[in-house]
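**Student:** Could you have a look at this structure, given as structure tokens, before my questions?
The values are calculated or read from the model by the stated rules, or taken from the named source; none is laboratory data. Bear in mind the structure is a predicted one, so any value in this text is a computation, not a measurement. Every residue, glycine as well, gets a Cβ built from its backbone with ideal geometry; the counts of neighbours run over all protein chains shown.
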Amino acid sequence: MNKTDIKSLSLEELQREMEQMGEKKFRAAQLYEWIHKKLARDFSEMTNLSLSLREKCREHFDLATLHSVQVQESKVDGTKKYLFELPDGNTVESVWMRYHHGNSVCISSQVGCRMGCRFCASTLGGLVRNLSAGEMLDQIYAVTLLTGERVSNVVVMGIGEPFDNMENLLKFIRMLTDERGQHISQRGITVSTCGLVPNIKKLAEEELQITLALSLHGVTDEKRKKLMPIAERYSISELMDACRYYFERTSRRITFEYALAGGVNDTKEDAEGLIMLARFVHAHVNLIPINPVEERDYVPSAREAVRAFQAKLLQAGMNVTLRREMGRDIDGACGQLRRKVIS
């Protein structure tokens with residue numbers, strides 16, 4: 001018998017499951033609290049449920065939990081990168097970062113990735129499969145238990161393209177922000193995409209208050225195509241129209257993620273093009289010194305080039321930040337740790 005992934009069930013779905021099993025509806029709320037608030041790792045921990053109900057749950061449900069098989073801790077800033085093993089033996093990465101405003105976790109949404117961005121380690125082995133909503137949630141739950149500290153911000157910017165796993169992504173967001181679970185604020189969640197235009201528009205219509213981050217990295221179609229194969233499907237014009245639609249529907253400012261690669265996209269002309277695009281959609285710009293990846297040819301821009309690029313944007317009145325380089329000494333780029341283990 002194929003078991004149901006209980007961690008991916010909403011409370012309403014779990015209530016229906018309980019009724020079908022001949023149990024009282026309120027048992028679903030007890031189970032949901034154990035799984036999503038108390039972060040139980042096994043049915044045996046659910047001591048206010050009868051032994052017979054716990055046994056029934058074992059027979060009907062998988063309570064899938066992730067196990068840490070490797071952890072790297074930065075000696076510079078305390079950032080921790082976890083390699084988690086999934087129930088089927090695949091692995092994903094999650095990164096825990098401590099900031100003055102609270103703890104953040106960057107999670108993965110897929111095992112591997114098929115987007116093919118040419119500066120990214122995550123895509124080197126292609127896409128294996130999507131993560132379930134429960135597997136996305138359990139990255140946060142596992143990190144919370146391992147660190148003993150509450151997570152207040154979540155970034156879906158690890159391995160995978162979140163919008164290529166849209167249904168599970170939306171369910172994950174709604175469950176994570178549910179007051180009956182971890183109740184993390186929607187405004188504390190950021191989702192990054194390489195630019196799947198239809199799903200940017202779909203997200204706009206979900207009436208969520210999360211932050212959308214667009215991996216832009218190039219300000220012309222020609223340059224973006226060299227870096228990101230997705231640009232062959234959607235032009236910058238189409239992308240900006242979708243971003244404008246998102247802003248108008250949600251009133252939430254979009255973030256442009258812009259990874260600076262030396263001699264590739266860090267010129268004065270690139271800065272001027274970025275200013276024009278950001279103004280069009282009222283975007284915040286987050287500059288990222290690119291993480292070097294062994295199998296890729298791209299290198300970070302020189303410090304002087306980064307400063308000059310940032311200064312150009314600031315002089316134009318742009319809202320711009322330079323991302324702190326968290327975990328550079330521990331394979332900080334997405335997919336590097338997993339790549340070492342599976343190679």
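**Student:** Among the residues of the range 254-269, write down those that are closer than 11 Å to Leu214 by Cα and either surrounded by fewer than 15 Cβ atoms within 10 Å (Cβ to Cβ) or without any contact (Cβ under 8 Å) to a residue 60 or more places away in the chain (or both).
**Tutor:** Scanning the range 254-269 gives Ile254, Phe256, Tyr258.
**Student:** Of all residues in the range 200-256 being assigned to a helix (DSSP H, G or I) and of a type in the set (S, T, N, Q), which is farthest from Arg187 (Cα to Cα)?
**Tutor:** In the first step, residues of the range 200-256 are kept if they are assigned to a helix (DSSP H, G or I); the result is 200-204, 221-227, 229-232, 236-250.
From what's left, of a type in the set (S, T, N, Q): 237, 250.
Values: Ser237: 27, Thr250: 12 Å.
Step by step, filter the range 200-256, then rank; the result is Ser237.
**Student:** Sort out which residues of the range 101-114 are part of a loop (DSSP other than H, G, I, E, B) and either crowded, with 24+ Cβ neighbours inside 10 Å or of a type in the set (D, E, K, R) (or both), and write them in order of number.
**Tutor:** Initially, the range 101-114 is screened for residues part of a loop (DSSP other than H, G, I, E, B), giving 101, 108-109, 113-114.
Across the range 101-114, the qualifying residues are Ser108, Ser109, Cys113, Arg114.
**Student:** With Ser74, Ser122 as the choices, which residue is surrounded by 24 or more Cβ atoms within 10 Å (Cβ to Cβ), polar (S, T, N, Q) and in the same structural domain as Gln182 (by TED's automatic domain parsing)? Give the derivation first.
**Tutor:** Numbers: Ser74 fails: surrounded by 24 or more Cβ atoms within 10 Å (Cβ to Cβ).
Result: Ser122 is the single residue among Ser74, Ser122 that is surrounded by 24 or more Cβ atoms within 10 Å (Cβ to Cβ), polar (S, T, N, Q) and in the same structural domain as Gln182 (by TED's automatic domain parsing).
**Student:** Just the residues that are crowded, with 23+ Cβ neighbours inside 10 Å, touching a Gly at 6+ places or on another chain (Cβ under 7 Å) and over 17 Å from Glu206 (Cβ atoms), please, taken from the range 138-159.
**Tutor:** Correct list: Ile159 only.
**Student:** Also, quick follow-up: Look through Arg58, Arg98, Arg41 and report the one residue that is in a loop (DSSP other than H, G, I, E, B), surrounded by fewer than 19 Cβ atoms within 10 Å (Cβ to Cβ) and not β-branched (Val, Ile, Thr). Outline the logic, then answer.
**Tutor:** Details: Arg58 fails: in a loop (DSSP other than H, G, I, E, B); Arg98 fails: in a loop (DSSP other than H, G, I, E, B).
Arg41 is the lone residue from the list that is in a loop (DSSP other than H, G, I, E, B), surrounded by fewer than 19 Cβ atoms within 10 Å (Cβ to Cβ) and not β-branched (Val, Ile, Thr).
**Student:** Out of Glu135, Glu93, Glu167, I need the residue that is surrounded by 19 or more Cβ atoms within 10 Å (Cβ to Cβ), of a type in the set (Asp, Glu) and part of a helix (DSSP H, G or I). Which one?
**Tutor:** On the way: Glu93 fails: part of a helix (DSSP H, G or I); Glu167 fails: surrounded by 19 or more Cβ atoms within 10 Å (Cβ to Cβ).
Residue meeting the stated conditions: Glu135.
**Student:** Right, something else. Looking at the range 291-310, can you tell me whether even one residue there is touching a Leu at 6+ places or on another chain (Cβ under 9 Å), among the aromatic types (Phe, Trp, Tyr) and modelled with pLDDT of 90 or more?
**Tutor:** Yes: the range 291-310 contains one or more residues that are touching a Leu at 6+ places or on another chain (Cβ under 9 Å), among the aromatic types (Phe, Trp, Tyr) and modelled with pLDDT of 90 or more.
**Student:** Right, here's the next one. With the condition kept exactly as written, say whether any residue in the range 16-36 is touching a His at 6+ places or on another chain (Cβ under 7 Å) and either under 26 Å from Thr190 (Cα atoms) or part of a helix (DSSP H, G or I) (or both).
**Tutor:** Looking only at the range 16-36, we keep the residues that are touching a His at 6+ places or on another chain (Cβ under 7 Å), and these are 21.
Now narrow it down to the ones that are either under 26 Å from Thr190 (Cα atoms) or part of a helix (DSSP H, G or I) (or both): none.
Within the range 16-36, none of the residues are touching a His at 6+ places or on another chain (Cβ under 7 Å) and either under 26 Å from Thr190 (Cα atoms) or part of a helix (DSSP H, G or I) (or both).
**Student:** Name the one entry in Tyr141, Tyr82 that is part of a strand (DSSP E or B), assigned by TED's automatic domain parsing to the domain that holds Ser192 and touching a residue at least 24 places away in the same chain (Cβ under 8 Å). So that I can check it myself, show each step before the final result.
**Tutor:** Working: Tyr141 fails: part of a strand (DSSP E or B).
Being part of a strand (DSSP E or B), assigned by TED's automatic domain parsing to the domain that holds Ser192 and touching a residue at least 24 places away in the same chain (Cβ under 8 Å) holds for just one of Tyr141, Tyr82, which is Tyr82.
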